[in-house]
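**Student:** Let me give you the structure first, and then I'll get to my questions.
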Amino acid sequence: MNALFTTLVVLIILASILLILVVLLQNGKGDGFASNFVAGNQTFGVRQTADLLEKITWGLICFIAVVSIVASFSTNSKSTEINLSDKIENVQNVEFPVAPTEQASPEE
């Protein structure tokens with residue numbers, strides 16, 4: 001693996017952990033983890049905090065998707081490339097055993 005691919009994978013892992021934390025901070029249908037941060041909700045307003053968390057969530061999702069696609073193109077494509085001409089030559093040079101044939105018994 002090259003350094004670019006490793007860096008991109010680390011960024012994806014960090015963004016995934018941040019995404020988990022942001023989702024846990026959001027209010028669900030019931031009492032969520034965000035209910036512990038009442039002071040933050042009172043300071044910014046409940047609706048503004050929810051909007052900000054939703055924007056951060058979608059931003060992280062888009063970041064993970066884009067970086068994943070870039071990481072898939074940054075891998076070494078030569079290692080996965082198949083050289084068909086070498087494969088065909090190898091198949092043509094293989095000698096297969098001949099099936100035994102029944103020899104006719106001499107008739108007396």
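**Student:** Any chance you could run the full-extension gain for Val98 through Asn27? It's 0.36 nm times the residue separation minus the Cα-Cα distance, nm to one decimal.
**Tutor:** 18.2 nm
**Student:** How much length is gained if the chain between Lys55 and Leu4 is pulled fully straight, taking 0.36 nm per residue apart and subtracting their Cα-Cα distance, in nm to one decimal?
**Tutor:** Values: separation 51, 0.36 × 51 = 18.36 nm, distance 2.77 nm.
The Lys55-Leu4 span can extend by a further 15.6 nm.
Where a number appears in this text, it was derived from the coordinates with a stated rule and is not lab data. Source: prediction; values computed, not measured.
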